[in-house]
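Comments concern the structure below.
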Amino acid sequence: MVRYNYYMKNKYLIRMAISMVGSVILFMFVVNNSWMYKSPVAKVLAVHNNGNKQSIELRLENGSDKGKTVYVKNKYDKSQVYDERYFKHDYVFLNDEYTGITGIKRDYWVAAIFLFLLSSLITIGGKRGTYTSLCILGNIALFGIIIYMNMRGVDILYMTIAGTVVFTFFVLLVVDGLSHRMMLSSAAALLTTLLLSSLVMLLIWNTDIDYDFLHFLPEPFTTTDANHFFLAQIIIGCLGAVIDVSVTITAACMELIERTPSISNKSLLRSVREVADDINGTMISVVLLTNIASTLPIFLISMSNEISFRTVVSHDAYFYIVRSLTGMLSIVVAILVSTFITSLVARKELKHD
């Protein structure tokens, strides 16, 4: 027992050391990745403050003038809402003439938080945490491919549908491995997404929606472009919750049927409902709070500019409300679909056996 505890402690320390060393190396790479940017990047060497005015000495980190020292002026308000106060060791973007700062380079801070997340998953979660990290990286890569293909002219909706299939199988394959339960969970998740997407598509195509308030919609756009863009958002928003619920319900159904092959559909549904009660509230809350977080700035900014609550809800927040309601509905539908598919397939297999 003592030897086992010693082995587990060493294994934990080894995972921690490897993840920390890897994180430090990747962080330093991001800090020094100025060569990847087309815009001029400079490091702040010195800052001389005079009230709210700054004289800044910078060293160029990329381009043909790399290593050259330049000097710029900066002025900021106390609120720093529309401008920045810069400090020594900051990395900033410059205009092409090197006469002014256009923004601050923050990618290394984002990388630090992201690498801390991955290191924590690997160190604490072990094998399962490593698989989760692979899922996160794979999802980011897939999302990048979808955006890249859309920029190349491929319709965002078609890429989202293809990405949904790949994303579902990839996540469940990494987490559960190639198994019977993985196939059933994938089928339940994809069928639920298909049903909800079809329902929303019918509503969208038969409703006159004012897309002028849909944020980040590329312009100029046609009604078809806007419909596809909005539907793609809904599909992605539903998928995360649907996969989680499908895995949980599928596993519960398979265990119930294997233990009690003669269980009736009514009893099975009643038992599954008890399991669903434990996850419904939390999953629905996650979907709701995520969308509330997205709409909160819109409400605050709009209402502070004397735009009524009703106007914000019917125009700006309308799309967030639809996505939120669809996501919550998808959780309920996923429970029914997962129960039906698992019950149907599992009972057939028991009959063959």
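The values are calculated or read from the model by the stated rules, or taken from the named source; none is laboratory data. From a predicted model like this one, the values you see are computed outputs, not experimental measurements. So basically every Cβ, Gly included, is an ideal-geometry build from the backbone, and we count neighbours across all protein chains shown. Surface accessibility is based on the protein's heavy atoms, side chains included, excluding ligands, DNA and RNA. Shrake-Rupley method; radii C 1.70, N 1.55, O 1.52, S 1.80 Å.
Computed values, structure above
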{"item": "Residue pairs meeting the criteria (Cβ under 7 Å; at least 6 apart or on separate chains; first farther than 18 Å from residue 322 by Cα, in the stretch 295-308; second open to solvent by less than 90 Å² (accessible area, probe 1.4 Å))", "result": "302/312; 302/316; 303/312"}
{"item": "Long-range neighbours under 7 Å by Cβ, at least six apart or interchain, first residue under 18 Å from residue 13 (Cβ atoms) and β-branched (Val, Ile, Thr) within the stretch 113-125, second open to solvent by 40 Å² or more (accessible area, probe 1.4 Å) and part of a helix (DSSP H, G or I)", "result": "122/15; 122/130; 123/15; 123/16"}
{"item": "Residue in the stretch 36-48 that is closer than 30 Å to residue 118 by Cβ, of a type in the set (Gly, Ala, Ser) and not in a strand (DSSP E or B) present", "result": "yes"}
{"item": "Any hit, the stretch 276-291, residues being over 22 Å from the mean Cα position of the chain (by Cα), open to solvent by 20 Å² or more (accessible area, probe 1.4 Å) and either of a type outside the set (S, T, N, Q) or over 20 Å from residue 325 (Cβ atoms) (or both)", "result": "yes"}
{"item": "Among the candidates 209, 204, residue that is at pLDDT below 85, more than 22 Å from residue 147 (Cα to Cα) and part of a loop (DSSP other than H, G, I, E, B)", "result": "209"}
{"item": "Residue check, residue 332 touching a helix residue (DSSP H, G or I) at 6+ places or on another chain (Cβ under 6 Å) and surrounded by fewer than 20 Cβ atoms within 10 Å (Cβ to Cβ)", "result": "no"}
{"item": "The stretch 23-36, residues that are open to solvent by 30 Å² or more (accessible area, probe 1.4 Å) and more than 9 Å from residue 111 (Cβ to Cβ)", "result": "24, 25, 28, 32, 35, 36"}
{"item": "Scope the stretch 148-175; condition touching a Ser or Thr at 6+ places or on another chain (Cβ under 7 Å), over 18 Å from residue 231 (Cβ atoms) and either open to solvent by less than 60 Å² (accessible area, probe 1.4 Å) or at pLDDT below 85 (or both); matching residues", "result": "172"}
{"item": "Filter result (surrounded by fewer than 16 Cβ atoms within 10 Å (Cβ to Cβ) and under 17 Å from residue 105 (Cα atoms)) within the stretch 60-74", "result": "66"}
{"item": "When residues of the stretch 124-153 are limited to those that are touching a Phe, Trp or Tyr at 6+ places or on another chain (Cβ under 7 Å) and not hydrophobic (A, V, I, L, M, F, W, C), the one farthest from residue 82 (Cα to Cα)", "result": "138"}
{"item": "Residue 235, sole failed condition from (1) open to solvent by 20 Å² or more (accessible area, probe 1.4 Å); (2) out of contact with any Pro (no Cβ under 8 Å at 6 or more places or on another chain); (3) at pLDDT 80 or above", "result": "(1)"}
